[in-house]
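J.: Here it is, the structure in full.
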Amino acid sequence: MATNKKREILIRAYLGFAFIFLLGMAIIGRAFYIQTAEGHYYRSLADSLTIFPKTVFAERGNIYSADGRLLATTLPTFDIRMDFKTTLAHPEIFKENIDSVSLLLAQMFPEKTAAQYKSEMTRERRKKNRYYLLKRNVSFNQLNEMKRWPMFREGQYKSGMIALQEDKRLHPFLLLAKRTIGSINDDGGIVGLEKQFDTELKGKEGTIMVQKIAGGVTVPLDSKEEIAAQPGKDIYTTLDIELQDVAEDALMRALQHHAADHGCVVLMEVKTGRIKAMANLGLIKDSTYGEIQNYAIGEATEPGSTFKLATVASLIEDGIVTKDSKVFVGDGKYTLYNKTIADHDAPESPEITLQRAFEESSNVAMASLADKNYSAFREKYYRHLVEFGFDKKINIELPGAAKPVLREPQKWSGVSAAYLAHGYELAITPLHTLTFYNAIANNGVMVQPHIVEKIKSYNATVDSTVTEVLNPQVCSEKTIAQLRKMLEGVVEQGTASNLKTDYLHVAGKTGTAVVSQGKTGYNGSGKKIYRASFCGYFPAENPQYSMIVMINSPSANGYYGNVVAGSIFKEVADKVYSLNLNMHKAVNEQLAAQKSLPVINKGAASDLKSIYTFLGTEMNHVDGEWATVHTAANKLLLAQNEVTGSTVPDVTGMSLKDALYLLESAGIKVNVIGKGTVVRQSIVGEKIAKGTSITIELR
């Protein structure tokens, strides 16, 4: 009985072992079958889960100024994060280096102390935080330095440091022309040239094959399927950095001084249409201004008196008047139906010339002439305005250009011609006005304004802008000659006489328009809102640049175009003049007319000699470092200027640079008042003592 029981147990054991053996052989057989017969299928399935294409973004192109300076470029920045769970596997590395790393972090990023960095990292390590943000916006150079620090130099899998790259668009000149250049916002918004030329700038994306390995890390693979990214093209603008800076600075100060809402300045080359400066500033809050909209091209409004040039051009071109024709203005009021059009000031006499009416910006003269000559011939006036370009959107290389509003003649009322004549019942952008004035300066040739000069790829020009003529002759040469005389008269003896200078002749027209306030009309709640403007060109005798300035809603220190906008025009024009020697009168003519010494009559002998030699006046040689300039027998001569180190030197007549060099080299503390050349100093000839202080006045 016992033997049978034993045999039964053995049989069962053998059967169990046999089953396990057969099962093992089946598994081995199945594995062999899968590897041989189905291996390719499963390997491709695994690859499809771990190997995949990854998009490689192209490097975005740069935007440059006319002289090749960077206006917008892309630089990599990095977010540094920490995987503290990784550091748990190497506790000795963290423990030995945390103090050093904290100290180095505090030195590079001083917004936190070393103790704070250590406390935060220790706390997050206890939490096993795998994605702790240590620092945002770390530069490439900073990252390279951090990788050499204790602990971090051990690599990601021992130190836990993760560097995540993010490309950021940077503007080396900060806010300068920011709205025109454009920006790429964090929310995906894009404006300006960045938007208009986004396709060219962003290039073409590429792809690489990557494989996911342990820890979720991906590594690139060599693959024939790889497509290289093509970098974006570079955009070269027509902007001049110095002139853009002057325009924005002058506009900013004017907006603040007059407590205005917004404004713009556009400077353009007459012959080519190249825009050299385009400034746009608007009120953000509490007297803070920024580039929130491109008003120069995107805001179509009633232009006011600057539009009178178009009316006069139409009248003269049709042979109705000349600049010397007499115009009846009566007492400065003109009633049409139930509306009265009035001049700001009473006229000099009931009858004045058209030239004088234009110089004094008479609304009555323009309205009465247009009403009497165009109310019954609306198509005639309208056709001129179309030829002047006031019915079409200006196709500049920027997004957001506004379409003008110019109603067709059949939609005019009985007063439309009169109101159009002095800049109402239509809406145009400042750039429309400037383009028309530029045509008058360009002898009737209307050119397309443009702000992009060329597009380059790998330093080779792939596209360039040529001057496009919109209208080869907006009106006859005879009409142009009269219009230019009238524009010059506005500055010589008219509403813009405050812009008159001996060195630079400007021609242009002021504008002071009342702004419509929607349903409440032009008076609003009893208070009028004004728009001040000035549009013109210079030099008047040989126009090279045209410019428009527009200031909206000035509410302090005046609101007239000659004061509010004219001051900005003059400042920018003066800067252009200072940078362009070809605008200056012949030096010999200036010296012949001079009855006193030159403006700078003292300075370093070598500098004075170089300056006057460059200007075409040969100078004699003198010994010594310092010299003075004086006249003798209608000539300019250098004479040695004795400067000792023991007494306070006479620096009157010197430039600020030379005066500061002399005085500060002698150990004298200098206080400066004004700008120009030194006209007065508080101490001269006295013995220099320790701590001597002097005040110099420049003019």
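The values are calculated or read from the model by the stated rules, or taken from the named source; none is laboratory data. Quick caveat, the model's predicted, so the values are computed rather than measured. FYI the Cβ positions are ideal-geometry reconstructions off the backbone, even for glycines, and counts take in every protein chain you see.
J.: Of the residues that make up segment 449-466, is at least one under 15 Å from G273 (Cβ atoms), in a loop (DSSP other than H, G, I, E, B) and modelled with pLDDT under 95?
T.: yes
J.: Of all residues in segment 683-699 being among the hydrophobic types (A, V, I, L, M, F, W, C) and touching a Lys or Arg at 6+ places or on another chain (Cβ under 8 Å), which is surrounded by the most Cβ atoms within 10 Å (Cβ to Cβ)?
T.: Checked segment 683-699; the qualifying residue surrounded by the most Cβ atoms within 10 Å (Cβ to Cβ) is I696.
J.: State whether the residues of segment 70-81 include one that is under 30 Å from P172 (Cα atoms), part of a loop (DSSP other than H, G, I, E, B), at pLDDT 75 or above and of a type in the set (G, A, S).
T.: no
J.: Right, something else. How many of the residues making up segment 410-420 are out of contact with any Leu (no Cβ under 7 Å at 6 or more places or on another chain), surrounded by 18 or more Cβ atoms within 10 Å (Cβ to Cβ) and not in a loop (DSSP other than H, G, I, E, B)?
T.: 3
J.: Kindly provide the set of residues from segment 451-471 that are within 19 Å of F390 (Cβ to Cβ) and within 25 Å of the chain's Cα centre (by Cα), ordered by number.
T.: E468
J.: For segment 532-576, how many residues are in contact with a Cys (Cβ under 8 Å, 6 or more places away or on another chain) and among the hydrophobic types (A, V, I, L, M, F, W, C)?
T.: Qualifying residue count for the region: 4.
J.: On the basis of being surrounded by fewer than 18 Cβ atoms within 10 Å (Cβ to Cβ) and either modelled with pLDDT of 95 or more or touching a Lys or Arg at 6+ places or on another chain (Cβ under 9 Å) (or both), does Y503 make the cut?
T.: Against the criterion (surrounded by fewer than 18 Cβ atoms within 10 Å (Cβ to Cβ) and either modelled with pLDDT of 95 or more or touching a Lys or Arg at 6+ places or on another chain (Cβ under 9 Å) (or both)), Y503 qualifies.
J.: S183 - would you say it is in contact with an Asp or Glu (Cβ under 9 Å, 6 or more places away or on another chain), outside the structural domain of L133 (by TED's automatic domain parsing), hydroxyl-bearing (S, T, Y) and at pLDDT below 80?
T.: yes
J.: For segment 7-44, name all the residues that are surrounded by 10 or more Cβ atoms within 10 Å (Cβ to Cβ), modelled with pLDDT under 70 and either hydrophobic (A, V, I, L, M, F, W, C) or touching a Phe, Trp or Tyr at 6+ places or on another chain (Cβ under 6 Å) (or both).
T.: Matches in segment 7-44: I34 only.
J.: Then there's this: Going through segment 336-355 one residue at a time, which ones are polar (S, T, N, Q) and modelled with pLDDT under 90?
T.: N338
J.: Now a separate question. Output the residues belonging to segment 370-396 that are of a type outside the set (F, W, Y), assigned to a helix (DSSP H, G or I), touching a residue at least 24 places away in the same chain (Cβ under 8 Å) and more than 21 Å from G444 (Cβ to Cβ).
T.: The answer is A370, D371, N373, R378, E379.
J.: Being touching a strand residue (DSSP E or B) at 6+ places or on another chain (Cβ under 6 Å) and farther than 30 Å from Q196 by Cα, is that true of even one residue in segment 399-421?
T.: Yes, segment 399-421 has at least one match.
J.: Moving on to the next point. Quick check on A439: is it of a type in the set (G, A, S) and either assigned to a loop (DSSP other than H, G, I, E, B) or in contact (Cβ under 8 Å) with a residue 12 or more places away in the chain (or both)?
T.: Here the answer is yes, as A439 does meet what is asked.
J.: Give segment 45-66 a look and list any residue that's at pLDDT 85 or above and either in the same structural domain as T122 (by TED's automatic domain parsing) or touching an Asp or Glu at 6+ places or on another chain (Cβ under 6 Å) (or both), or say none.
T.: Result: G61, N62, A66.
J.: Mind listing whichever residues of segment 665-682 are surrounded by 12 or more Cβ atoms within 10 Å (Cβ to Cβ) and charged (D, E, K, R)?
T.: R680, the sole residue that qualifies.
J.: Which members of segment 121-142 meet the condition of being part of a helix (DSSP H, G or I), buried (at least 17 other Cβ atoms within 10 Å of the Cβ) and at pLDDT 90 or above?
T.: The answer is M121, and nothing else.
J.: Would you check if there is a residue in segment 319-331 being modelled with pLDDT under 95 and out of contact with any Ser or Thr (no Cβ under 8 Å at 6 or more places or on another chain)?
T.: There is at least one residue in segment 319-331 that is modelled with pLDDT under 95 and out of contact with any Ser or Thr (no Cβ under 8 Å at 6 or more places or on another chain).
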